[in-house]
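The values are calculated or read from the model by the stated rules, or taken from the named source; none is laboratory data. Remember, it's a predicted structure, so these values are computed and weren't measured experimentally. Here Cβ is always computed from backbone atoms with ideal geometry, including for glycine, and neighbour counts include all displayed protein chains. The area values use the complete protein model at the heavy-atom level, side chains included, leaving out ligands, DNA and RNA. Shrake-Rupley method; radii C 1.70, N 1.55, O 1.52, S 1.80 Å.
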Amino acid sequence: MRALVLDGGFGFQNLNIAERERPEPGPGEVLVRIAAVSLNYRDLLLVEGSYNPRQTMPVVPTSDGAGIVEAVGPGVTRFSPGDRVVNGIAEGWIDGAPSAGGLKTIRGGPGGDGFCADYVLVPERALFAVPDHLSLTEAATLPCAGITAWCAVVEHGNVRPGGTVVVEGTGGVALFAMQFARIAGARTMVLSSSNEKLDRISDLGADVTANYVEVPEWSRAVRENFDADGADLVVELGGAATLENAMRSVKPGGTVALIGNLSGSHAPLNLPLAVMRQVRLQGITCGSLGDMARMMAAVATHRLKPWVHETFPLDRYRDAFELMRAGGHVGKIVIALDPDA
Ligand SMILES: NC(=O)c1ccc[n+]([C@@H]2O[C@H](COP(=O)([O-])OP(=O)(O)OC[C@H]3O[C@@H](n4cnc5c(N)ncnc54)[C@H](OP(=O)(O)O)[C@@H]3O)[C@@H](O)[C@H]2O)c1
């Protein structure tokens with residue numbers, strides 16, 4: 001079978017399609033014929049070496065996969081050959097607060113090989129049925145970006161009908177955050193560096209948009225458009241360049257969900273903005289299998305459609321990564337191992 005393998009060092013010169021033995025499922029395991037994997041920013045960082053400089057190799061990148069059950073091992077009861085499935089990202093994080101051990105089970109990195117291979121073994125507990133309204137390409141976008149946005153908005157953000165949510169950027173996590181906030185009944189403001197992308201985001205349902213390059217002090221735009229006190233939740237993806245604006249955008253008692261570090265990992269923190277206004281800084285790291293089950297139920301109930309910007313065949317994996325590096329996308333980038341996914 002084919003697998004996309006990083007071996008011999010970091011860098012795209014060391015990322016190649018290799019031939020591997022097809023695995024056989026053991027007790028409690030499911031063999032999945034992978035149809036599609038989605039890319040997350042972390043996959044780019046993993047290949048370049050900045051996600052985890054101590055990453056062991058060889059490793060198959062990508063944490064998210066959807067496909068068809070090929071075979072099941074002894075004791076598997078919830079799935080049968082032919083079922084359409086998607087993975088939960090942290091196989092050892094069952095529910096509730098994360099543990100250090102659970103976080104080490106994220107596939108395509110600390111938890112070992114990821115999903116960019118024709119066949120992958122997954123423990124039964126970490127698989128979820130794909131709702132009928134989704135293609136496998138769409139389902140493959142959910143495990144990392146989807147669950148991260150779900151946890152920021154729903155599990156930890158406590159967003160209510162009539163609430164207000166600010167989302168930074170137009171990538172994978174950002175678009176899911178906008179979609180989940182809308183399901184929760186909140187109004188959304190989406191920020192982008194591109195007016196062309198903002199036009200598309202308005203079509204996809206953003207209530208308010210702003211260009212964070214043209215309006216560097218965008219916290220003012222948040223107050224002008226939502227409430228003089230600010231927004232209930234800011235989904236913080238930019239990191240160093242955006243944290244100050246995020247803190248100034250959130251209302252007293254509101255939440256800043258700390259998720260990304262797109263512009264750098266070290267940012268000065270203006271403490272009174274948090275302390276004197278009782279603002280909650282909530283770190284988010286993906287989500288548990290329990291979070292995934294609740295998100296999948298919401299996705300099915302609301303027939304939520306992930307936004308896939310472009311799908312690449314496996315042999316064009318470099319183009320997929322390059323598109324992510326260039327930031328030319330809106331929503332998710334997918335690599336299809338099955339051309340009919
Ligand atoms: N903690 C977690 O569990 C977790 C999980 C998933 C992702 N993340 C992190 O979240 C971030 C986004 O990940 P992703 O996979 O959604 O990435 P992505 O799809 O590549 O999206 C990146 C987008 O973010 C926007 N952006 C870049 N710099 C920005 C800035 N300074 N201010 C505001 N927006 C900016 C850009 O949007 P425009 O082109 O519209 O400007 C860019 O296209 C990354 O840092 C990633 O590592 C963390």
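So between Arg280 and His266, what do we pick up on full extension, going 0.36 nm a residue minus the alpha carbon distance?
Taking 0.36 nm per residue and subtracting the Cα distance, the gain is 3.2 nm.
Tell me which aspartates and glutamates have Cα within less than 17 Å of Lys251's Cα, excluding those fewer than 8 residues away on the same chain?
Result set, ordered by chain and number: Glu168, Glu217, Glu224, Asp227, Asp229, Asp232, Glu236.
Under 13 Å from the Cα of Lys305, which aspartates and glutamates turn up, not counting those fewer than eight places away in the same chain?
Cα-Cα hits under 13 Å: Asp132, Glu138.
Can you compute the label reach from Asn16? Point 7 Å from Cα along the Cβ direction, backbone N cut-off under 20 Å, restricted to segment 316-341.
The answer is 316-322, whose backbone nitrogens lie closer than 20 Å to the label point.
What fraction, in whole percent, of alpha-carbon pairs in segment 157-283 exceed 18 Å separation?
Value for segment 157-283 (Cα pairs over 18 Å): 46 percent.
For segment 157-283, what is the relative contact order in percent, using Cα pairs closer than 8 Å and at least 6 residues apart in sequence?
Answer for segment 157-283 is 21 percent.
Counting only GluC sites (Glu not before Pro) that sit in a DSSP loop (anything but H, G, I, E, B) with at most 14 other Cβ atoms within 10 Å, what is the longest stretch of the chain containing none of them?
22-213
With just the Cα atoms of the chain, tell me how far they stretch along each of the three principal axes, in Å, largest first.
59, 41, 38 Å, listed from the longest principal axis down.
Expected output is a single nm value to one decimal: the length gained when fully extending between Ala293 and Glu196, i.e. 0.36 nm times separation in residues minus the C-alpha distance. What is it?
Numbers: separation 97, 0.36 × 97 = 34.92 nm, distance 3.48 nm.
Additional length available on full extension: 31.4 nm.
For Glu310 and Leu45 in one chain, what is 0.36 nm times their gap in residues minus the Cα-Cα distance, to one decimal in nm?
Stretched out fully, the Glu310 to Leu45 stretch lengthens by 93.4 nm.
Have a look at Tyr51, Ala129, Ala240 and report the one farthest towards the positive end of the charge dipole of the chain, computed about the Cα centre with Cβ charges (Lys/Arg +1, Asp/Glu -1).
Ala240
Could you please state how large a percent of the accessible area of segment 157-283 is carbon and sulfur, counting protein chains only and using a 1.4 Å probe?
Details: 2780 of 5720 Å².
Ligands and nucleic acids excluded, carbon and sulfur give 49 percent.
Would you mind classifying segment 1-106 by shape? Square roots of the alpha carbon gyration tensor eigenvalues, ordered a ≥ b ≥ c; an a/c under 1.5 is rounded, otherwise it is prolate if a/b is larger than b/c and oblate if not.
Since a/c reaches 1.5 but b/c is at least a/b, the shape of segment 1-106 is classed as oblate.
Please give the FRET efficiency for Leu204 paired with Ser80, using the beta carbon to beta carbon distance and R0 = 30 Å, rounded to the nearest 0.05.
It comes to 0.25.
What's the longest piece of the chain with no exposed trypsin sites (Lys or Arg not before Pro), counting a site as exposed if DSSP puts it in a loop and it has at most 12 other beta carbons within 10 Å?
Excluding the exposed sites themselves, the longest stretch runs over 55-302.
With a 1.4 Å probe and every protein chain left in place, work out the accessible area per residue of the chain in Å², rounded to a whole number. Display every interim value, and only then the final one.
On the way: 13950 Å² over 341 residues.
That works out to 41 Å² per residue.
In segment 111-165, if the dipole is taken from +1 on Lys/Arg beta carbons and -1 on Asp/Glu beta carbons about the Cα centre, which of Ala140, Gly157, Gly114 is farthest to the positive end?
Gly157
What is the Cα centroid distance between segment 124-150 and segment 13-27, reported in whole angstrom?
Between the Cα centre of segment 124-150 and that of segment 13-27, the gap is 22 Å.
Please sort through the DSSP H helices of the chain and keep those with an alpha-carbon extent of at least 15 Å along the long axis and a Kyte-Doolittle average not below -1.0. Numbers along the way, then the final one.
Working: long enough: 172-183 (17 Å, 1.42); 289-301 (18 Å, 0.91).
Helices passing the filter in the chain: 172-183, 289-301.
Quick one: putting +1 on the C-beta of Lys and Arg, -1 on the C-beta of Asp and Glu, what dipole do you get for the chain around its Cα centre, in Debye to the nearest 20?
Dipole about the Cα centre, nearest 20: 680 debye.
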